[in-house]
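Have a look at the structure below, then the notes.
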Number of protein chains: 2
Amino acid sequence: MKNIIIASTSTIHGSGYLDYILDELTVFFKDVKEILFLPYARPSGISHDEYTKTVHAAFSKINKNVKGIHTYENPIEAIKKAKAIFIGGGNTFVLTNQLHKNNLINTLQAVVKNGIPYLGTSAGSNICGLTIKTTNDMPIVYPPSFNALAFVPFNINPHYLDPNKSSKHMGETRETRIKEFHNFNNQPVIGLREGSWLHVKDDSIILKGNLTARIFEYNKIPYEISSGTELNHLK
Amino acid sequence: MKNIIIASTSTIHGSGYLDYILDELTVFFKDVKEILFLPYARPSGISHDEYTKTVHAAFSKINKNVKGIHTYENPIEAIKKAKAIFIGGGNTFVLTNQLHKNNLINTLQAVVKNGIPYLGTSAGSNICGLTIKTTNDMPIVYPPSFNALAFVPFNINPHYLDPNKSSKHMGETRETRIKEFHNFNNQPVIGLREGSWLHVKDDSIILKGNLTARIFEYNKIPYEISSGTELNHLK
């Protein structure tokens with residue numbers, strides 16, 4: 001019964017918030033009028049209210065109402081009653097910390113398993129994987145665990161970035177980082193480039209958008225998959 | 001009695017491992033013949049043995065012997081007996097995890113306080129700050145704490161990278177990440193560009209190398225400091 005969009009980013013260069021994926025979202029959210037938004041990742045540290053305003057403005061273009069979970073007294077009850085859920089980007093550690101602190105992991109897993117449509121972008125996509133151990137974010141808070149929502153049986157690396165061969169910077173490339181991840185973990189990782197997303201529908205997981213994605217499996221050479229590829233055997 | 005070098009990187013573009021700083025290290029390590037090396041950060045997942053070989057080769061150019069801590073039965077005793085210590089780069093989470101697991105934090109703090117010269121590069125510099133919450137690394141393991149060695153009363157951001165205005169990538173700039181850090185933490189952060197290092201000598205902390213560094217203080221506009229600046233009031 002799962003119905004999930006796991007998007008690399010909310011915004012692609014040169015266009016507005018969620019613009020690139022609004023057509024897809026019109027279909028995805030066609031049966032719902034209101035979306036429960038979790039603004040916990042607080043990009044650039046903005047407040048829950050400010051963040052919810054931005055999201056509200058974007059969804060009003062497709063006639064959806066947006067309510068921030070912080071406006072409810074009981075966030076667990078808010079999730080149980082939601083008809084659709086969106087978790088946006090920002091800092092994955094801040095987001096994960098808040099989800100654990102408010103005891104929301106189990107409830108989110110339960111409602112999404114029951115078919116409530118879930119949209120994640122960036123940090124909100126990271127937490128759809130098994131753990132947040134392939135986030136690109138700075139660990140500005142210490143969450144009680146790196147375990148995530150496990151909507152898919154692998155890890156997500158959003159905003160996947162190819163090595164820049166002309167760079168003189170000696171920091172690790174994204175590929176090197178994921179290689180290091182596989183020295184300590186054995187689940188696959190999908191590097192989702194900006195503009196790509198996964199659509200999870202029941203047992204099917206399909207890559208969408210115009211770009212290829214990069215798959216990193218334990219002890220295998222990384223490889224590219226094209227848009228439309230079914231990933232339900234990846235684990 | 002502290003005597004510490006906190007270097008942004010081990011290697012600058014186009015030159016060999018530690019080459020750019022070897023002259024400085026000749027002076028820094030002038031009274032010691034042997035350096036205890038902690039290869040725990042395992043860059044690209046290389047083994048402790050392999051990593052120690054690389055470091056040994058670099059230090060043999062200035063006639064220093066290098067021994068890996070993993071070759072000792074008791075790492076705490078190894079640190080207590082060391083005449084000089086080097087912790088190299090790699091993954092900060094892996095390094096921090098191993099330091100906590102082997103119960104080395106207190107012993108490292110004690111010997112460095114007593115004047116044993118300590119060199120850190122990259123991950124080995126991150127852990128010289130108050131916490132590892134300003135590392136750039138991927139959180140591939142979950143350490144028992146983000147607390148670090150606190151050799152200086154602020155945080156380090158090594159491999160500091162200026163925003164690339166021509167980039168179309170929507171991931172956060174380093175400055176945005178540190179701004180987000182300051183929504184949850186109030187200690188200063190120093191962004192050390194590759195080729196820069198801090199020399200801590202007793203109560204003095206001086207920026208060295210050819211470049212400026214960027215200082216991020218809580219609730220202040222970030223600013224540049226030039227090489228030679230004394231940072232002993234930064235906290």
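Which numbered condition trips up residue B:180, out of (1) under 30 Å from residue A:7 (Cβ atoms); (2) of a type in the set (D, E, K, R); (3) surrounded by fewer than 19 Cβ atoms within 10 Å (Cβ to Cβ)?
So the condition that residue B:180 fails would be (3).
Tell me, which residue of the stretch B:174-194 that is touching a Ser or Thr at 6+ places or on another chain (Cβ under 8 Å) and of a type in the set (Val, Ile, Thr) is nearest to the other protein chains (Cβ to nearest Cβ)?
Here the answer is B:176.
So which residues in the stretch A:127-145 are surrounded by 24 or more Cβ atoms within 10 Å (Cβ to Cβ) and either more than 9 Å from every other protein chain (Cβ to nearest Cβ) or more than 16 Å from residue A:93 (Cβ to Cβ) (or both)?
Scanning the stretch A:127-145 gives A:127, A:128, A:129.
Taking the stretch B:51-86, which residues are out of contact with any Lys or Arg (no Cβ under 9 Å at 6 or more places or on another chain) and under 19 Å from residue A:184 (Cβ atoms)?
Correct list: B:70 only.
Can you pull out every residue in the stretch B:26-54 that is touching a helix residue (DSSP H, G or I) at 6+ places or on another chain (Cβ under 7 Å) and among the hydrophobic types (A, V, I, L, M, F, W, C)?
B:35, B:36, B:37, B:38, B:41
From B:165, B:220, B:235, grab the single residue that is charged (D, E, K, R), assigned to a loop (DSSP other than H, G, I, E, B) and touching a residue at least 12 places away in the same chain (Cβ under 8 Å).
B:235
Would you call residue A:158 touching a Pro at 6+ places or on another chain (Cβ under 8 Å) and within 11 Å of chain B (Cβ to nearest Cβ)?
So residue A:158 does not fit the description; no.
Residues of the stretch A:6-26 being closer than 19 Å to residue A:51 by Cβ and more than 14 Å from chain B (Cβ to nearest Cβ), which ones?
Residues satisfying the conditions are A:22, A:25.
Taking the stretch A:26-58 as the search range and keeping residues that are aliphatic (A, V, I, L, M) and touching a Leu at 6+ places or on another chain (Cβ under 7 Å), which one is nearest to residue A:90 (Cα to Cα)?
Per the criteria, the residue is A:41.
Select from the stretch B:146-166 the residues that are surrounded by fewer than 13 Cβ atoms within 10 Å (Cβ to Cβ) and touching a helix residue (DSSP H, G or I) at 6+ places or on another chain (Cβ under 9 Å) and list them in ascending order.
B:162, B:163
So that you can scan it fast, the table gives a plain yes or no per residue for (1) modelled with pLDDT under 95; (2) over 25 Å from residue A:159 (Cα atoms); (3) not aliphatic (A, V, I, L, M):
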residue: A:13; (1), (2), (3): yes, no, yes
residue: A:18; (1), (2), (3): no, no, no
residue: A:35; (1), (2), (3): no, no, no
residue: A:59; (1), (2), (3): no, no, yes
residue: A:76; (1), (2), (3): no, yes, no
residue: A:99; (1), (2), (3): no, no, no
residue: A:105; (1), (2), (3): no, no, no
residue: A:116; (1), (2), (3): no, yes, no
residue: A:119; (1), (2), (3): no, no, no
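For the stretch A:167-185: of the residues being among the polar types (S, T, N, Q) and out of contact with any helix residue (DSSP H, G or I) (no Cβ under 7 Å at 6 or more places or on another chain), which is farthest from residue B:171 (Cα to Cα)?
A:185
The values are calculated or read from the model by the stated rules, or taken from the named source; none is laboratory data. On a predicted model such as this, the values are computed, not experimentally measured, just so you know. Neighbour counts are summed over all protein chains in view; Cβ atoms, including those assigned to glycine, are modelled from backbone coordinates with ideal geometry.
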